[in-house]
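Engineer: Pasting in a structure now, in structure tokens, and then I'll have a few things to ask.
The values are calculated or read from the model by the stated rules, or taken from the named source; none is laboratory data. These numbers come from a predicted model, not from an experiment. When we count neighbours, we look across all protein chains shown, and the Cβ atoms used for this are built from the backbone with ideal geometry, even at glycine. What goes into the accessible areas is simple: the full protein's heavy atoms, side chains included, and nothing from ligands, DNA or RNA. Shrake-Rupley method; radii C 1.70, N 1.55, O 1.52, S 1.80 Å.
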Amino acid sequence: MQITLRQPDDWHLHLRDDAMLEAVVASSARHFGRALVMPNLVPPVTTGEAAREYRNRIEQAVQSALPDSGFKPLMTLYLTDTTEAADVVQAAADGTILAVKLYPAGATTNSASGVTDLSRVMPVLEAMAQHGIVLCVHGEVTHAEVDIFDREARFIETVLEPLRQELPELRVVMEHVTTRDGVEYVAANDRNLAATLTTHHLMINRNHLLVGGIKPHYYCLPIAKREEHRLALVKAATSGDERYFLGTDSAPHTRSSKESDCGCAGVFNAANTMVCLAAVFEEAGALDQLEAFASLNGPRWYGLAPNDASMTLRKSGNASPLPPPVQVGDECVMPFDPARPIYWEVI
Ligand code: NCD
Ligand code: ZN
């Protein structure tokens, strides 16, 4: 069995910088046409100028790793309490950025500069609504008293819905939705709202993380939830509904920083995302919807054409090996282990 689709894009990717960027970029460039690159570097990418410089570094890394890939990084700006509306509008108008990323302060890896209170960024959000600039949202509240498994649902209720009431013209992507609440919220709103889904949240639940020993390589944010939530995500991804599309949230960390007293959040799935998705969609009886999810719905939301190139996936009789760890100096980054045999390969 095999299927051919338009070349996919990744609408949520962490490529990092320097040696890590050079080490991991080929894993994305090998399969994806474009990726929306997250701005949570240290320090974060907060200005149009910084985004242009970062894009140049990514393009150079692609040139040395996989020059013929044609892989195109699309950039985001990291919204802070002091972001200037004029800089955002200019960076979008001149094609530097495709979207702005909202991290609630303290929500995840390198989010210390995130927004402390939405009222502080209202002028920027108003300008974005007016100019049709997309806001990509890490949708978790960060209050210490809110349980980590409830943070997404609480965000929808206390932050996202009030924001969308106030600014209905703002185009919002709920990034890496991990709950049935998230899927239901998207399904109930047919204007100016979409969601990305990650590869790993379609494949693992919190038991994978916690049963039989703690598995730090499954630790990511938002944290994996109960199986019933995973099933809701699979249903959304495989439905063909154009509001859902792929954002891998591939987030490389070195092995030692994950296998640690205070392990970093992030799953590195760039290299095996497409074979994993083929398995998920096959199991759901929805292989015919994989192209919409991975290759068509994202560009449509962003007003871009789908890629011209194509990708063929083939199912073989033997399970494919995991991608090898990626070497970064004398450290390595471990690939996502989908916790089941995968019979698909990209040919
Ligand atoms: C991301 C990272 O490492 O940059 N980690 C993660 O678990 N997803 C940050 C993020 O997207 O939340
Ligand atoms: Zn992310």
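Engineer: Report yes if some residue within the range 268-277 is within 11 Å of ligand 1 (Cβ to nearest atom), closer than 30 Å to ASP17 by Cβ and part of a loop (DSSP other than H, G, I, E, B); otherwise report no. Quick ask: steps written out before the conclusion?
Structural biologist: Residues of the range 268-277 that are within 11 Å of ligand 1 (Cβ to nearest atom), as a first pass: 268-269.
The next check asks that each one be closer than 30 Å to ASP17 by Cβ; those that pass are 268-269.
From what's left, part of a loop (DSSP other than H, G, I, E, B): 268-269.
For the range 268-277, residues within 11 Å of ligand 1 (Cβ to nearest atom), closer than 30 Å to ASP17 by Cβ and part of a loop (DSSP other than H, G, I, E, B): present.
Engineer: In the range 177-202, how many residues are out of contact with any Asp or Glu (no Cβ under 7 Å at 6 or more places or on another chain), open to solvent by 10 Å² or more (accessible area, probe 1.4 Å) and either within 16 Å of ligand 2 (Cβ to nearest atom) or under 21 Å from LEU125 (Cα atoms) (or both)? I'd like the intermediate steps shown before the answer.
Structural biologist: Of the residues in the range 177-202, the ones out of contact with any Asp or Glu (no Cβ under 7 Å at 6 or more places or on another chain) are 177, 183-191, 193-195, 197, 199-202.
From the residues that got through so far, the ones that are open to solvent by 10 Å² or more (accessible area, probe 1.4 Å) too are 183-185, 187-191.
Next, only the ones that are either within 16 Å of ligand 2 (Cβ to nearest atom) or under 21 Å from LEU125 (Cα atoms) (or both) stay: 185, 189-191.
The total comes to 4.
Engineer: Which residues, counting only those in the range 21-53, are open to solvent by less than 30 Å² (accessible area, probe 1.4 Å) and within 14 Å of ligand 1 (Cβ to nearest atom)?
Structural biologist: LEU21, VAL24, ALA35, LEU36, VAL37, MET38, PRO39, ASN40, LEU41, PRO44, VAL45
Engineer: I've got another one for you. What is the residue count in the range 72-102 for residues that are under 30 Å from SER27 (Cβ atoms), open to solvent by 10 Å² or more (accessible area, probe 1.4 Å) and in contact with a His (Cβ under 9 Å, 6 or more places away or on another chain)?
Structural biologist: Of the residues in the range 72-102, 1 are under 30 Å from SER27 (Cβ atoms), open to solvent by 10 Å² or more (accessible area, probe 1.4 Å) and in contact with a His (Cβ under 9 Å, 6 or more places away or on another chain).
Engineer: Residues that are open to solvent by 30 Å² or more (accessible area, probe 1.4 Å): find the strands (runs of 3 or more DSSP E) completely inside the range 285-347 holding 2 or more of those.
Structural biologist: Details: elements: 310-315, 326-328, 331-333, 344-346.
The qualifying strands (runs of 3 or more DSSP E) are 310-315, 344-346.
Engineer: I would also like to ask the following. Give the residue that is least open to solvent (accessible area, probe 1.4 Å), with candidates limited to residues of the range 218-236 that are of a type outside the set (A, V, I, L, M, F, W, C) and within 11 Å of ligand 1 (Cβ to nearest atom). Explain how you work it out, then say what you get.
Structural biologist: Just the residues of the range 218-236 that are of a type outside the set (A, V, I, L, M, F, W, C), to begin with: 218-219, 222, 225-230, 235.
Then keep just the ones that are within 11 Å of ligand 1 (Cβ to nearest atom); that gives 218-219, 222.
Working: TYR218: 25, TYR219: 64, PRO222: 1 Å².
Among residues in the range 218-236 that are of a type outside the set (A, V, I, L, M, F, W, C) and within 11 Å of ligand 1 (Cβ to nearest atom), the one least open to solvent (accessible area, probe 1.4 Å) is PRO222.
Engineer: Does PRO325 meet the test of being touching a Cys at 6+ places or on another chain (Cβ under 7 Å) and over 21 Å from GLY247 (Cβ atoms)?
Structural biologist: Details: touching a Cys at 6+ places or on another chain (Cβ under 7 Å): yes; over 21 Å from GLY247 (Cβ atoms): yes.
Yes.
Engineer: Looking for something open to solvent by 10 Å² or more (accessible area, probe 1.4 Å) and more than 16 Å from ligand 1 (Cβ to nearest atom) - is there at least one such residue anywhere in the range 103-112?
Structural biologist: no
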